[in-house]
Structure formats: C-alpha cells, structure tokens
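Here the structure is laid out as structure tokens; the discussion comes afterwards.
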Amino acid sequence: MVAAATFAPPQEAPRPPEPNTRVPAGVARHAPSVFPDRIVASPVQDAATGFAVAWRTDASVAAPVLEIVLAGDSPDMGVPRQVRAATTALRTENGIGHHHRAEVDGLQADTLYAWRVQGGGTWSPWHHTRTPASPGTPLTLLYFGDTQNKNTSLTTRVVREAMRHAPDARLALFAGDLVSGGDGEDDNEWGEWFEAGESLPTSMLVAPAAGNHEYFEEFEDTPQERRVLGAHWPRTFALPGNGAEGAAATTYWFDAQDVRVVVLDGTSALDLGTARAQAAWLDRVLAGNTRRWSIVVVHQPMFSPRQDRDNELLRRHVLPVLERRRVDLVLQGHDHVYGRRGGRVPGQPTPQFVVSVAGAKQYRLSPQARLTMAPVAEDTQLFQVLRVDGDRLRYEARTATGRLYDAFELERAPDGGRRLRELEEERIPQRDCERAATLKGRADRCWE
C-alpha cells in the first residue's frame, strides 16, 4: 500500500525579488507584427446599442477593418458588416506599432455578436460579445483594483478566477494603475496586461480608469515638472469621449442596463487642476441619470486606507457631489489594500466606498483605516463581482483563490432610498500582513 503524499511547504529562505515583467533583457516578446493583438472592446455611451474596439499591429497595416455579424451555430455566419478603423502610430521599446480604433453602432440589445479585426494579410479569431440588455434585466459585472505589477505572473490567476465565478459577466471595471510604467518597459507591461486578461477584453466590455501610473513626469526634477498622460492610454482603449473639460481622454460615462457608470480621473483632478471641472461634470451626468443605480470609478480614494495619503482635493470637490447625488458605489484603487466604508453622513447607506487591489503590490493599512473601515485586508489579491437585479445590488469581494472576503446587498426602497444589508455568512477572517518587510527590504509594504 502506497502512503498518500502530503505537501509540506519548504523552509523560508532568502529569495530574489521577481522582476516586474517576464521578458528577459534583449528579447522582443511583445513586438508588434502583422497579427492583430491587444484587442479590447469598450462600451459606447449606450452600451446596449454598440461598442468600440481597439487593437494593434505593426506599421505595415493602416486603416484595417472590423467585421461583425450575428453569432450563429454554423461556421457560415453570413456576410459580415465591415467597419473601417482609424489608425495612429506609437513608437516604443518594441518598435513602431499601429493602433487602430473602430466603433460599431446600430446593434441590438442582449444579442450575441461575432466579430474579428484585420491585420496584415490575416485576421484575429472570431470573438463573441453579447451586448447589454435593456433596463430591467439582471446584469453581472466585475471590478478589479490595481493590477499594475507582474501582470502575467500574478494577475492572470485573479482574472481566471473572476471569470470562473462570473461567467455571465458583460462588463469589467478597472480602477486604474493597470501597469506600473516608468522603467523603460512600458510596452512590455501593456503586453503583459493583455496577456493576463486572456479572453476577458474580447468577451465582455472593458471600462478602465486611468491611474497615476498611466501618467509620467515630464521635465522631472526641474521647475517645469508636470504630469503627462502616457501615450499608450488614448491608443490602447476606444473610450466614449464624453468626458469632463480638461480631462476628456480619461473621463467618460455610459449606461448598461439598470446602471449608469461614471469614470473619473483622480490624477488629473489632484495634479492638473481639473477637480472642480470634473465635479461639475459629474454633477450634470448624475443629475441626468435615468437608471436605477449609479457607480463611480476613480483611482485615488476619497478616504485613503494607506498611511500618509490624503486626497483632500477630491474630498473638497468630488465627495460632496457623490453624497448629494447618493451614488451607490464608489470603486477605487491606488492604495494596494482592501477597505470599505460608508460616507460622512451617519446611518446613510450610500455611497459605499471601496478600495481594492488585484495585483501583486501590497501595502499596509493605516491605524485610521482599521478604525473607520470594515472589512479591511492586507496581503490579499482580490476581485469583485457585482450583480444588479431590479431593486437589488449584490456585491462580493473574493480572494485570488475564490474565497469570500466581503459581501453586502443594497436594496432600493419605493421612495428611491437605499437599505444596506451585510452578508457575513462564509466570509473568511480578516487578513493581515505577517511579513516584517518585502523581499527588497521595505517595511512600509507587504509585497512588491
């Protein structure tokens, strides 16, 4: 009889830090080619009626087409409609790439479409994307905090687990800092973000917020130093373009079923003087909301759970709008921990402010966060599943292994108010960082 094998973790020994990407020096792993890559679909203002697609090829391809047709069971799906793309060039450490954007309109709600994009003498595979349904139909969406570091290595597993738990998701929200940047490997990092996403960016609509790491410092260490949006952002995503004055490339809104989603740019608000303009724009967008629920996505938190961070300009200009308009969820990133709390009005269930992290970089909670937020977590990769069904919105935060960490339900009352119900069954205990320092010796972080 053979004894069952048991797994015993090895003794802790000194380990070198893992590099930010898997690409060895001198290897052009993510160079553009005639084959279309970095393909991502994003919502238009009315997501039920269309979507926009961005993709990349090498410089030999200009103004390619997207083909779209009703998905069918036969390999012969009929003659597809063609949509011509606009093309812009981008030079990176991987050479010159051409980035393409095509917007598809006139689609039917709650309909499965097959579509593909053109390369140089070749095509992408056919992808399937189902448009959001009309209001009154249940909607499932995903929310991810910062991915940022070691995307292929460690974000991949989070995305896979999220899609396993929510195979019916039609929308994915990313709260900024998708990549780290600033290390001469910006293009490799974007390549790894798409690699980690696998089929997600083509099987559902992706709505990202820009984080501070999507910017770079121009004229660094000089009196002229300023934040500038990185060249990848406006080429990588085909976003609605209905944003705030002064931040049009990084702010936008759209409707999907019973939800209005508004995406802000916290970096522009804090560092480029657009906080007041974004707040006024947000107020107008929320005032015109005809959907039952509202979600705002912004990278920097209104209430920071990390020590020595304070986004006072956001609280001064944006927070009053969020509270006055009774936004349901404010989904945030930036601080690389988990924390949830209500607003400044005692007993008012909305907004619920959430900070989460999907990627490898992990910080430590401040003492204030431990007093004012619940639940909280350190040293934990998470994803969130949101299910909207009529007058109920259910929220779940799950760890990279799928364990339930946080859950609650908002119920819409007949008078338009909200009731909050905590769902504590099956939640795992609070997770705290047990390391004294990172592998690089930083005691202010848990992992990097």
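The values are calculated or read from the model by the stated rules, or taken from the named source; none is laboratory data. What you see is a predicted model, and the numbers here were worked out from it, not measured in a lab. Note that we place each Cβ from the backbone using ideal geometry, even for glycine, and neighbour counts take in every protein chain shown.
Below is a table of values for the structure above.
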item	result
Condition broken by Asp37, with the remaining ones in (1) over 18 Å from Phe237 (Cβ atoms); (2) in contact with a helix residue (DSSP H, G or I) (Cβ under 8 Å, 6 or more places away or on another chain) satisfied	(1)
First in region 323-335 and in the same structural domain as Ala279 (by TED's automatic domain parsing), second anywhere and in a strand (DSSP E or B) and of a type in the set (Gly, Ala, Ser), Cβ under 9 Å, 6 or more apart	Arg325/Ser294; Arg326/Ser294; Val327/Ser294; Asp328/Ser294; Leu329/Ser294
Unmet requirement for Val345, which otherwise passes all of (1) free of Cβ contacts under 8 Å to residues at least 60 places away in the same chain; (2) in contact with an Asp or Glu (Cβ under 7 Å, 6 or more places away or on another chain); (3) surrounded by 20 or more Cβ atoms within 10 Å (Cβ to Cβ)	(3)
Residue identified as surrounded by fewer than 24 Cβ atoms within 10 Å (Cβ to Cβ), under 13 Å from the mean Cα position of the chain (by Cα) and at pLDDT 95 or above among Phe194, Phe144	Phe194
Verdict on Pro132 being closer than 19 Å to Asp255 by Cβ, assigned to a loop (DSSP other than H, G, I, E, B), of a type outside the set (S, T, N, Q) and more than 16 Å from the chain's Cα centre (by Cα)	yes
Residues satisfying the stated conditions in region 311-333, i.e. closer than 22 Å to Cys433 by Cβ and either out of contact with any strand residue (DSSP E or B) (no Cβ under 7 Å at 6 or more places or on another chain) or surrounded by fewer than 22 Cβ atoms within 10 Å (Cβ to Cβ) (or both)	none
Any hit, region 168-190, residues being surrounded by fewer than 16 Cβ atoms within 10 Å (Cβ to Cβ) and at positive phi	yes
Matching residues in region 118-149 - criterion: being among the polar types (S, T, N, Q), within 30 Å of Phe35 (Cα to Cα) and touching a strand residue (DSSP E or B) at 6+ places or on another chain (Cβ under 8 Å)	Gln118, Ser124, Thr129, Thr131, Thr147
Yes/no for Pro167 being in a loop (DSSP other than H, G, I, E, B) and without any contact (Cβ under 8 Å) to a residue 60 or more places away in the chain	yes
Pair list, Cβ < 6 Å and 6+ apart or interchain, from region 435-448 residues that are modelled with pLDDT of 90 or more to residues that are surrounded by 13 or more Cβ atoms within 10 Å (Cβ to Cβ) and among the acidic types (Asp, Glu)	Thr438/Glu448; Cys446/Glu378; Cys446/Asp379
